[in-house]
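See structure below.
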Amino acid sequence: MKQIKDQMIFVLYVLFLSTGCYTAQTGKSQTFSENVKVTKEYDETSKTTYHLTRIKHTGQDGKLIKLRLGMSNKPEGESATQFASRMNTEVAFNASMGLKNPPPGTRQPVGIQIIDGKIIQELPTNAYTLGIKDNNELVAYPPGTKAKAILADGSATALTAFIPLILDHKEVSESLFKVAGNLIVKHPRQAIAQFDNGDILVFSTGGRGIDGEGMTAKDMMRVFKKLNVRFAFNLDGGGSVSTVVKDQLISKKIDEKGTAERPRPNFLYVMADNNLAPKQQLAKALDIFLLIGQSNMQGVAPIGALDTIALKNVWLFNDKDQWEPARNLPKNGMNRYSTVKRIPTVLFGPAYTFGRKIAAYTGRDIAIVSNARGATRIEWWQKGFQGDPEYNAPSDFNLYEEAVDRAKAALAAAPAGSKIKGILWHQGEADNAAQRSPLYSARLKKLVNDLRKDLGDPNLPFIAGEVGTWNKRGLNINPVISDIKSYVSNSDWVSSAGLTSINEAKNDAHFDNLSQRVFGGRYADKTAALVYHLKPQGVTLFSAGGQNGRSVLLPAGTYEASDLESNGILADEIASVKADKGYQLEVYFKNGKKTIINSSSFPKEDTPVRIQVIKK
């Protein structure tokens, strides 16, 4: 086996390939965070590649990084990637093997399952059970040990898997291999180990010709012995091997000849630092906004590296009825917890920049409940919708009811003094036809009235956004949307002027990434005025001359090129500006020159590297 050592450490902000998998050279380490490092190695004896994911015992704050057990939320199980995305974990990996003959259509783990002191399952088994004590100490219990005895021994979490491999730095007797015949043959393997200092090590191997031949139990013990671990335990193997770190699949897919991740019934995991914000940890009252509509609100645009940074003072309501810092995952956007979403993965929508900008405007803690669904007509959002025979729409959408339920649950999970402050709506692409658009205003008015009644605020602010305008899109529906103030009280609308498609040549209805960044900012501008009675002012930058194209209003402050990009405009594409009264723009160029701009034109002498919006 190659000597395991760090030859290079990469600080990894975003590493993402089209396969969705992590790749690294053998013998190299990558630091995914201050607490997690992954090393890829090759074992010459077994001719197998393996990954070592080391998780520190405590964070920089001295607090324990708790190892936890979680169950799939589906009877048929879920993949490690799905579990990691749903739970927003830092590290997640498959745990127990499954029952050989579970009820049809289900996956069920073997033996004993205990989570946080609660016995979830206790079935007879000839396998060993892994115990996790409150301080993360890993222990092994032999077959026949009762769940109550495990709890009495101090293991509040436990799961049955295969066998221990290392106990007190010593290899176990080969007599334990009789638990399962495949322990003596080469196989893909998943194991967990622990060092004397309490650090956890997740061990994932290839096999079946994918990243090598696989390992026997003796191969694993040999590797662990050289690593000098105190304890090691074989969890599962075969096509089930999956380790996900920071939303990336570390191990290669093995199931279905290397094309799929196998759904599993349970997973071990650790959460990112401060990842969850339960009600009792949120000291400030939240201003809650409900975001609903179809695919452009859901998000279809690619997610950029700048979109994955956790936002300050902005929270996202998750599928555990808790608040977490708002951010996009590299391949899953802020609508990922929607209870009505059409597909498991959603991408970039307006929620991210909306939250960031309105929090900056107000200094308030902003909370987002995103519950959009693509390809939906406005009548499908009506209260009590029972189906649409014309379009063969299913009758179980419950779009309206789910939105109301989520908003109420979000309010219940928020600190005292929190309030639902408004609704952001983006829908209309499905209602642009000439025969449908005349019916839109009445349907939208009814929707707003019902939402206000059921959410207990007859004057709840409501802001709608126009659909895209390329190739005559929105020709019929946008005039109805922009006229909303004439038929819905306490409302406003957001313009889509200058926004562009992810594929205009194919007449794709969806905004691209930069346009979604701009659109979210425009929603924030209108929210600041309608909800908070503020008057956003500063300098507006345009991506085209004559004050056309994508436009971004920037309040007083200094903006680097990355700040401009995160708001939806690139530094080298600024073509014109508009300064509100009392504001001016100071531009610093790559060549070292500085220019003060008061007019609408923008100099093209060089690429800007920084701008400053100044209130005179």
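The values are calculated or read from the model by the stated rules, or taken from the named source; none is laboratory data. Computed from a predicted structure; not experimentally measured. Note that we place each Cβ from the backbone using ideal geometry, even for glycine, and neighbour counts take in every protein chain shown.
Things worth noting here:
- Of all residues in segment 311-342, those satisfying the criterion of being outside any loop (DSSP other than H, G, I, E, B) and touching an Asp or Glu at 6+ places or on another chain (Cβ under 9 Å) are Val314, Trp315, Leu316, Phe317, Leu329, Asn332.
- The condition (being assigned by TED's automatic domain parsing to the domain that holds Ser370, of a type in the set (S, T, N, Q) and more than 25 Å from Val314 (Cα to Cα)) is satisfied by just one residue among Ser441, Ser418: Ser441.
- Some residue of segment 461-477 being farther than 25 Å from Asn548 by Cα and either in contact with a strand residue (DSSP E or B) (Cβ under 6 Å, 6 or more places away or on another chain) or in contact (Cβ under 8 Å) with a residue 40 or more places away in the chain (or both): yes
Yes or no, residue by residue, for (1) more than 22 Å from Ala285 (Cβ to Cβ); (2) touching a helix residue (DSSP H, G or I) at 6+ places or on another chain (Cβ under 7 Å); (3) part of a helix (DSSP H, G or I); (4) modelled with pLDDT under 85:
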position: Asp396; (1), (2), (3), (4): yes, no, no, yes
position: Tyr400; (1), (2), (3), (4): yes, yes, yes, no
position: Asp405; (1), (2), (3), (4): no, no, yes, no
position: Lys408; (1), (2), (3), (4): no, no, yes, no
position: Ala416; (1), (2), (3), (4): no, no, no, no
position: Ile420; (1), (2), (3), (4): no, yes, no, no
position: Trp425; (1), (2), (3), (4): yes, no, no, no
position: Ala434; (1), (2), (3), (4): yes, no, no, yes
position: Leu439; (1), (2), (3), (4): yes, no, yes, no
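- Test: residue in segment 469-484 that is assigned to a loop (DSSP other than H, G, I, E, B) and either in contact with a Gly (Cβ under 7 Å, 6 or more places away or on another chain) or closer than 20 Å to Val531 by Cβ (or both): yes
- Enumeration of residues in segment 588-616 that are polar (S, T, N, Q) and at pLDDT below 85: Asn591, Asn598, Ser599, Ser600, Ser601, Thr607
- On inspection, Ala372 passes the criterion of being assigned to a loop (DSSP other than H, G, I, E, B), touching a strand residue (DSSP E or B) at 6+ places or on another chain (Cβ under 8 Å) and either closer than 20 Å to Leu499 by Cα or not polar (S, T, N, Q) (or both).
- Check on Leu585, modelled with pLDDT of 90 or more and under 20 Å from Leu306 (Cα atoms): no
- Meets criteria (of a type outside the set (Val, Ile, Thr) and not assigned by TED's automatic domain parsing to the domain that holds Ile420) for Asn459: no
- Check on Thr39, surrounded by fewer than 22 Cβ atoms within 10 Å (Cβ to Cβ), among the β-branched types (Val, Ile, Thr) and assigned to a loop (DSSP other than H, G, I, E, B): no
- Residue tally, condition among the basic types (Lys, Arg), within 25 Å of Ser251 (Cβ to Cβ) and part of a loop (DSSP other than H, G, I, E, B), over segment 52-77: 3
- Phe224 meets the conditions (1) touching a residue at least 60 places away in the same chain (Cβ under 8 Å); (2) more than 24 Å from Gly59 (Cβ to Cβ) in every case but one. The failed one is (1).
- Segment 314-332, residues that are farther than 19 Å from Asp287 by Cα and under 10 Å from the mean Cα position of the chain (by Cα): Asn328, Leu329, Pro330, Lys331, Asn332
- Taking each residue of segment 388-410 that is within 21 Å of His426 (Cα to Cα) and looking for partners that are hydroxyl-bearing (Ser, Thr, Tyr) and modelled with pLDDT under 95 with beta-carbon atoms closer than 8 Å, six or more apart or interchain, yields Phe397/Thr376; Leu399/Thr376; Glu402/Thr339; Asp405/Thr339; Arg406/Thr339.
- Note on segment 495-519: residues that are assigned to a loop (DSSP other than H, G, I, E, B) and at pLDDT 90 or above amount to 7.
- Tally, over segment 413-436, of residues that are among the aliphatic types (A, V, I, L, M) and either free of Cβ contacts under 8 Å to residues at least 12 places away in the same chain or within 21 Å of Asn490 (Cα to Cα) (or both): 3
- Residue within segment 198-205 that is within 19 Å of Leu268 (Cβ to Cβ), charged (D, E, K, R), surrounded by fewer than 24 Cβ atoms within 10 Å (Cβ to Cβ) and within 32 Å of the chain's Cα centre (by Cα) present: yes
- When each of Asn73, Asn88, Asn101 is tested for being of a type outside the set (D, E, K, R), touching a helix residue (DSSP H, G or I) at 6+ places or on another chain (Cβ under 8 Å) and over 24 Å from Gly207 (Cβ atoms), the lone residue that passes is Asn73.
- Residue count, segment 437-457 (criterion: among the charged types (D, E, K, R) and free of Cβ contacts under 8 Å to residues at least 24 places away in the same chain): 2
- Taken over segment 317-331, the residue count meeting the criterion of being crowded, with 23+ Cβ neighbours inside 10 Å and closer than 20 Å to Leu249 by Cα is 1.
- Those strands (runs of 3 or more DSSP E) lying entirely in segment 537-616 with at least 2 residues of a type outside the set (Gly, Ala, Ser) and within 32 Å of the chain's Cα centre (by Cα): 539-544, 548-554, 557-560, 608-615
- Filtered residue count, segment 344-369, keeping only those that are within 20 Å of the chain's Cα centre (by Cα) and assigned to a loop (DSSP other than H, G, I, E, B): 6
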